[in-house]
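These notes concern the structure reproduced below.
The values are calculated or read from the model by the stated rules, or taken from the named source; none is laboratory data. Keep in mind that this is a model prediction, so the values were computed, not measured. Heads up, the Cβs are rebuilt from the backbone with ideal geometry, glycines too, and the neighbour counts pull from every protein chain shown. We work out accessible area using only protein heavy atoms, side chains counted, and drop any ligands, DNA or RNA first. Shrake-Rupley method; radii C 1.70, N 1.55, O 1.52, S 1.80 Å.
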Amino acid sequence: MTNIAFFRIFMIVKMAAVFFIQLMLFERRHRGRWTDETNRKWEALVKKQAAEYRQTALRLEGLLIKLGQFLSTRADVMPKAFLEELEDLIDRVPAVQWKEAKAVMETEWSGPFETILAHIDEQPVASASIGQVYKATLHSGENVAVKVQRPDIDRIIAVDFKAVRIVMSLAGRFTKFGRQTDLPALYREMTAVIGAELDFRSELANGRYFKKRYEQFDEVDVPDYNSEISTKRVLVMEWIEGARITDLNFLEQNGIDRHTLAERLTTIFLEQLLQEGRFHADPHPGNILVRADGTIVLIDFGMVGMLPAADATYIRAMIEGILMEDYTKVVDGLEGLQFLLPHADKVRLKRVIQAMVDAYTSQSFTKMDDLAVGQLLEEIQLIVKQEPVQLPAGFAFLGRAFSTFIGLLHILDPNIDLMKVGRQPVLNWLEQHAGKTTPQTVLLQSLRPLLSLPQKLSSALDEPVRHREQQDAHREKAEMERYLLKNRRDALLFTALTFPTVPAALWTEQTALLYGGPALFILSIVFYWRSIRAHRRFLQK
């Protein structure tokens, strides 16, 4: 039943529609009365929805597993209660039966698997949404990992994408997240990236690229890939012994320093991002291993992201803006990367970025109490949600990779200073590509706390006034949007109620109904059309 196209589409769209209706009704019921009790009810609703999503994803598998893994890393747009329910989805994908995996191998190799493999363990060592991995031995005696695609997964993913397209259309009409994100572009990016992941020949090419890229790095390794016996649905690579990089017991037993490991991992990630723009887009703990000697091993290159060369200019401008405290440059860089919609409040965003960087670089997070830190983070999250900030499709998987990577680093070293660890790789990149990193720049950075002191004092004095102004402005904006949405819904309801009077007028001889019914229906359409125009004008301001 779960492989039937209509059933899958119905289940996915129905689940999303129910979620949207529940959220809309909750918002209407508690409008203007948001208390601690309301917040608890909200978290309970979101947690219930996340649990239902997880159960449906484990039942249907396919694309829902991938989307769940993606959503579980999006702390910027998803509530905490939702994230907690989905955080274990990566490790909960059930394995397919051995006979099914064996059939895929023998179909791809056009004969019994024994002609290629001397031995294979029938129990998979790992199972994911696209394929699962077995340990095997070639006739040459070499131990290899054999990744086998799940049966019929390409058709299932194609069906699920149809359902997701419908869901995205609904989200674009009825949710704030849909209006703040370029959903059509995100959909195209998802189909391209996940479509490439379905062809193991793409992963083969990516793996060989990263193998060559890191062959001069003594402390980084990538498995060799066997191109002769790899196919579209079966991938054969070198077997590498190692533990998950988050296996803290393994690190302690082998005397591996967690802070040093986190620093090396940060350098690797930044090197991928800055030097060539091609990066590992799925860096969860299962795809990064560590050997007993401390060597980091990167595996599974099914998802590899690319940043266009043109974006490097804006990224460099943002980095330089942060280093030189020129936050206008940072906001301009965000705009150049298409993170901002035309009506974004750039002044407000500039203040938030400045507050965030100042709090971090001055080590305020370690000196401020938990309440102050929480207020700052809540304000940042609120602005990201309220302002017309969108996630360009090309950065969707970078955002997912970055979120996953940051979580991994904090498991290794909860006290890691990312600005300090990442400074030298960034300065090296700036020197190589822009030629603007001079001793004077480094000196200026060292003197930064003194140079910025007057500005920080001025900002501190003005902050209470700005905060009140921001609260008043956003309260008025939220109230106006709720009013316009209410008018739009009332107009739609009025249209639906008056529509039956039109056919009824054709079958009656009563003058009032004959002329009044169609007239009311026409007025309701005009009312609905005007409410739509008013709402659109409001969103474009």
Any pair with Cβ under 7 angstrom, 6 or more apart, that starts in region 139-156 at a residue that is more than 17 Å from Ala128 (Cα to Cα) and in a loop (DSSP other than H, G, I, E, B) and ends at one that is open to solvent by less than 70 Å² (accessible area, probe 1.4 Å) and modelled with pLDDT of 95 or more
His139/Ala118
Can you pull out every residue in region 1-43 that is open to solvent by 60 Å² or more (accessible area, probe 1.4 Å), under 18 Å from Met168 (Cα atoms) and among the basic types (Lys, Arg)?
Lys14
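Can you confirm whether Ala344 is small (Gly, Ala, Ser), assigned to a helix (DSSP H, G or I) and either surrounded by 17 or more Cβ atoms within 10 Å (Cβ to Cβ) or at pLDDT below 80 (or both)?
On the way: small (Gly, Ala, Ser): yes; assigned to a helix (DSSP H, G or I): no; either surrounded by 17 or more Cβ atoms within 10 Å (Cβ to Cβ) or at pLDDT below 80 (or both): yes.
Criteria not met by Ala344.
Regarding region 199-209, can at least one residue be identified that is modelled with pLDDT of 90 or more and not in a helix (DSSP H, G or I)? Give the steps one after another, and end with the answer.
So the first thing to find is which residues in region 199-209 are modelled with pLDDT of 90 or more, and the list is 199-209.
Those left that are additionally not in a helix (DSSP H, G or I): 199.
Scanning region 199-209, I find at least one residue that is modelled with pLDDT of 90 or more and not in a helix (DSSP H, G or I), so the answer is yes.
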Please work out which one of (1) assigned to a helix (DSSP H, G or I); (2) over 19 Å from the mean Cα position of the chain (by Cα); (3) modelled with pLDDT of 70 or more is the condition Tyr360 fails and give its number.
(3)
For residues in region 75-108 being among the charged types (D, E, K, R), farther than 20 Å from Ala128 by Cα and modelled with pLDDT under 75, which is least open to solvent (accessible area, probe 1.4 Å)?
Asp76
Within region 183-203, identify whether any single residue is open to solvent by 30 Å² or more (accessible area, probe 1.4 Å), in contact with a Phe, Trp or Tyr (Cβ under 7 Å, 6 or more places away or on another chain) and closer than 25 Å to Ala118 by Cα, and answer yes or no.
no
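So that you can scan it fast, the table gives a plain yes or no per residue for (1) over 28 Å from Thr137 (Cα atoms); (2) β-branched (Val, Ile, Thr); (3) surrounded by 14 or more Cβ atoms within 10 Å (Cβ to Cβ); (4) in contact (Cβ under 8 Å) with a residue 12 or more places away in the chain:
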site	(1), (2), (3), (4)
Pro223	no, no, yes, yes
Ser230	no, no, yes, yes
Arg233	no, no, yes, yes
Val236	no, yes, yes, yes
Trp239	no, no, yes, yes
Gly242	no, no, yes, yes
Asn249	yes, no, no, no
Gly255	yes, no, no, no
Arg258	yes, no, yes, yes
Return the total of residues in region 123-138 being crowded, with 21+ Cβ neighbours inside 10 Å and assigned to a loop (DSSP other than H, G, I, E, B).
3
